[in-house]
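Report on the structure given below.
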Amino acid sequence: MHALYPWLNETFSRLAEGVRQGRLPHALLLTGPEALGKGRLARRLAQRVLCHQPLEDGQPCGQCASCRPFLVGAHPDLTEMMPEEPGKPIRVDAVRDFTAALQLTSQFGVGKVGLIEPADAMNVAAANALLKTLEEPSAGTFILLVTAHPARLPITLRSRCQRWTVPTPGRDEAMAWLARQPRVAGEDHGLLLDLVEGRPLAALEMAAPEQLAQRTRWLESLLHLLRAGGNPLAVAATIDKATLPDLVHWSTLLVTDLLRVQSGSTMLVNRDLADALRPLARRLDARALFSLYDHLIELSRLVTHPLNRDLLLEDLLLRFDRLGGRP
Ligand SMILES: [Zn+2]
């Protein structure tokens with residue numbers, strides 16, 4: 001389980017306390033500027049609501065029978081709604097499916113959570129269809145609407161949600177966070193923040209024009225290894241620019257997507273690779289995938305410390321190689 005971004009902690013703590021005391025309303029509107037991690041905050045809150053053994057500090061445990069499927073995007077009591085492609089509208093049909101899913105009985109008996117991101121992608125008909133659900137919520141249903149543009153939602157919809165605003169971190173907090181990010185080591189952090197209205201995540205993206213190319217090369221290498229085999233050591237030698245945390249993160253997203261395909265979900269992170277992932281996922285053993293997922297989570301905790309990069313990459317590539325998946 002990733003740590004929350006530090007600037008989200010206070011908002012999360014207050015929300016978790018609301019859950020603990022049972023005084024959160026059935027619909028929340030999470031707002032604030034783009035690229036602050038609102039979606040991550042919403043998912044952590046959803047995980048907390050569904051967790052069977054929340055920790056004393058309000059965090060979900062990350063290990064219970066609810067948290068495990070949640071963390072791979074395969075929780076039966078979480079329903080997410082987002083545009084089919086970024087920038088496209090959410091239509092009324094999608095809202096009907098969404099509300100129908102929320103009316104099903106909770107599989108784990110804790111409740112049902114619906115998450116809409118970005119909520120402003122709903123067109124007028126879609127927003128009106130959702131309004132009925134917000135007016136007459138089923139018992140145990142909790143709906144989270146995430147948007148950087150609340151004014152684009154009909155006021156009738158907004159008025160039925162409790163609004164929480166995620167603040168942009170202060171300059172000192174943002175600078176301190178950027179100073180811990182290897183990806184922007186040696187960069188002018190103040191300038192980066194200025195270019196993106198003080199939002200640390202956007203600053204990180206700003207600094208990394210090479211990022212996408214590195215990610216593509218890494219994922220294509222992994223997919224090639226899974227489909228056709230090859231020499232993992234030769235692959236490791238071609239990946240020279242990306243950081244270890246990035247490589248581990250991208251690998252985790254890939255494994256998570258493969259598990260999502262196996263569970264029947266169409267909500268993939270690596271949407272550009274969907275055509276390659278679908279046939280591959282069918283050939284892989286779910287237990288071996290879960291085991292690799294656990295290993296990657298463990299690695300993600302370790303890779304913030306200096307490690308032997310080559311050894312770690314070779315080990316990781318061998319684990320992918322052993323998954324099989326060749327036709
Ligand atoms: Zn849990």
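The values are calculated or read from the model by the stated rules, or taken from the named source; none is laboratory data. What you see is a predicted model; the values in this text were computed from it and never measured. Reconstructed Cβ throughout: ideal geometry from the backbone, glycine too, with neighbour counts over all protein chains shown. Accessible surface areas use protein heavy atoms only, side chains included; no ligands, DNA or RNA. Shrake-Rupley method; radii C 1.70, N 1.55, O 1.52, S 1.80 Å.
So which residues in region 218-242 are farther than 17 Å from R322 by Cβ, modelled with pLDDT of 80 or more and buried (at least 16 other Cβ atoms within 10 Å of the Cβ)? Reasoning before the result, please.
As a first pass, look at region 218-242 and keep what is farther than 17 Å from R322 by Cβ: 218-220, 237-242.
From the residues that got through so far, the ones that are modelled with pLDDT of 80 or more too are 218-220.
Within region 218-242, W218, L219 qualify.
Determine if region 100-111 includes at least one residue that is aliphatic (A, V, I, L, M) and within 20 Å of A16 (Cβ to Cβ).
Taking region 100-111 first, the residues aliphatic (A, V, I, L, M) are 100-102, 104, 110.
Within this subset, residues satisfying the condition of being within 20 Å of A16 (Cβ to Cβ) are 110.
Looking for residues that are aliphatic (A, V, I, L, M) and within 20 Å of A16 (Cβ to Cβ), one finds at least one in region 100-111, hence yes.
What's the number of the only condition in (1) without any contact (Cβ under 8 Å) to a residue 40 or more places away in the chain; (2) open to solvent by less than 10 Å² (accessible area, probe 1.4 Å); (3) under 27 Å from A274 (Cα atoms) that G18 fails to meet?
Condition (3) is where G18 drops out.
Every residue, every condition in (1) open to solvent by 40 Å² or more (accessible area, probe 1.4 Å); (2) part of a helix (DSSP H, G or I), yes or no:
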site: L247; (1), (2): no, yes
site: D257; (1), (2): no, yes
site: V261; (1), (2): no, yes
site: M267; (1), (2): yes, no
site: A274; (1), (2): no, yes
site: I297; (1), (2): no, yes
site: L311; (1), (2): yes, yes
site: L316; (1), (2): no, yes
site: F320; (1), (2): no, yes
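Exactly one condition in (1) within 16 Å of the ligand (Cβ to nearest atom); (2) part of a loop (DSSP other than H, G, I, E, B) is false for E34; which is it?
Failing condition for E34: (1).
For region 94-109, state whether one or more residues are within 18 Å of R271 (Cβ to Cβ) and open to solvent by less than 50 Å² (accessible area, probe 1.4 Å). Full working, then the answer.
Quick first cut of region 94-109, residues within 18 Å of R271 (Cβ to Cβ) only: 94.
Now restrict to residues that are open to solvent by less than 50 Å² (accessible area, probe 1.4 Å): 94.
Scanning region 94-109 turns up at least one residue that is within 18 Å of R271 (Cβ to Cβ) and open to solvent by less than 50 Å² (accessible area, probe 1.4 Å).
I need a count of the residues in region 50-84 that are outside any loop (DSSP other than H, G, I, E, B), more than 7 Å from the ligand (Cβ to nearest atom) and either surrounded by 18 or more Cβ atoms within 10 Å (Cβ to Cβ) or not assigned by TED's automatic domain parsing to the domain that holds V110 (or both).
The initial filter retains those residues of region 50-84 that are outside any loop (DSSP other than H, G, I, E, B), namely 50, 67-71, 78-81.
Adding the requirement that they be more than 7 Å from the ligand (Cβ to nearest atom) leaves 50, 68-71, 78-81.
Checking the rest, the ones that are also either surrounded by 18 or more Cβ atoms within 10 Å (Cβ to Cβ) or not assigned by TED's automatic domain parsing to the domain that holds V110 (or both) come to 50, 69-71, 78-81.
Final tally of qualifying residues: 8.
Exactly one of (1) within 22 Å of D257 (Cβ to Cβ); (2) open to solvent by 60 Å² or more (accessible area, probe 1.4 Å); (3) assigned by TED's automatic domain parsing to the domain that holds K112 is unmet by A42. Its number?
(2)
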